[in-house]
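These notes are about the structure you will find just below.
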Amino acid sequence: MDNLKVKYKPIFDSEKFDLIALINFLFKTFKFYLKSYLILLIVFTVYFFFKSPKYGAEISFYTNYSDNQTSSSMSILQNFGGFSSESNQLKFSISNFLKSDKFLDNVVKTKYQINGSNQTLVKYWGIKHDKILSINPISTLSNINRKFSLVDDLSTEDKMELYAKEKLSRSLDFSEDRRTTLQKINVIVKDKDSTLATQIIESAYSSILNYSNEVSEVKAKEKIKFISGRLDDVQGNLTQSENDMLEFLEKNKNITSPNLILQRDRIQREINLHSALFISLSDKLELAKIDENDTTSSIFLLDNAKILPYKSGRSLVDSLMLILLLSFIISSTYESIRNRKELFN
């Protein structure tokens, strides 16, 4: 193409901008490189139909459930004893959990039906942990940087597991509607088998469900332990107050003086207070024991895992338009630099 040099009119001539010359330059550049554009577009089209497609799967669920059981005795002293009615609600960030090593480790080590055999993502994805070259030059540079960033004492199994976790983390996307508490998780998987995306999203949901149940169980056990301790303290104080009253009545058979009446009333108030606390804590303890054995999940499924109707990633038309635009920008830049003396007088 260097031998077929195109003649251009100056875009800047004597410090004056010529719009017609600019349009003429762009048109001639496009025409001159048109054959190259077409070859590039044809090559990409062939690649597009032969490359592994990207499939997306999605699942949605709510997390707005809370059990607000109350009783008559609890209504007397709502927060006495150290726990409010909201203390046993599920409270953990699903977004943070999806980034945790606990979640990633569970999903990549789960066995999936892939190409007719049961295998984990560690084995299926991790085999490419040492891949360097890629069609995308940016991916190649990223792979090189990753390879030199790893510590030296990692075993092959560790590298495979790390690679699988990183790929899974990049493939997952989480969204939450804070007003309705609707949660959505979707995963995009580059694979010939579309069912792998569904299997992964189901495994992710199962991991979230198990962890939420684990959180609820731990909170219930902590609550039982705390209430039991407070109940023992209150029972001891109640017994002591009752003994004080018994001793007071035995010593004072005829209570007529204002001082004795005041002492008796003071001991009686302590008995009433500790009795109310004892009843409230006993009620809370029974509810906590019920919560500990309650298998009702705080997460409610809205839509089952499903394959998204459209393939993920850019469509063929969008990709071709982007390639054409980038190619035109690169070729125009190259021509403007190559002919700068002619274009910019």
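Each reported figure results from applying straightforward, stated rules to the coordinates on display, with no laboratory input. Computed from a predicted model, the values in this text were never measured in an experiment. Using ideal geometry, Cβ is built from the backbone for each residue, glycine included, and neighbour counts are taken over all protein chains shown.
Relative to the dominant Cα principal axis of the chain, helix 156-171 is inclined by about 90°.
Taking chymotrypsin sites (Phe, Trp or Tyr not before Pro) that fall in a DSSP loop and have at most 16 other Cβ atoms within 10 Å as cut points, what is the longest piece of the chain between them? So the longest stretch without any such site is 93-309. Ellipticity at 222 nm from helices only: DSSP H runs of n ≥ 4 in the chain, each -39500 (n - 2.57), divided by the residue count, give -20000 deg cm²/dmol. Could you state the angle between the C-alpha long axis of helix 316-338 and the longest principal axis of the C-alpha atoms of the chain, as a value from 0 to 90 degrees rounded to the nearest 10? Once rounded, the angle reads 60 degrees. Considering only Ser139, Ser117, Ser280, the Gaussian network model of the chain with Cα springs below 10 Å gives its largest mean-square fluctuation to Ser139. Taken about its Cα centre, the chain carries a charge dipole of roughly 2280 debye when the Cβ of each Lys and Arg holds +1 and the Cβ of each Asp and Glu holds -1.
Highest mobility in the GNM of the chain, judged by mean-square fluctuation with C-alpha springs under 10 Å and restricted to Gln113, Gln183, Gln199, is found for Gln113. Rounded to the nearest 10 degrees, the inclination of helix 137-149 to the longest alpha-carbon principal axis of the chain is 50 degrees.
The local environment of His274, defined by Cβ-Cβ distances under 14 Å, has a net charge of -2 under the rule Lys, Arg +1 and Asp, Glu -1. For the chain, which longest stretch is free of loop sites, where a loop site is one of the trypsin sites (Lys or Arg not before Pro) that DSSP puts outside H, G, I, E and B and that has at most 15 other Cβ atoms within 10 Å? Answer - 193-252.
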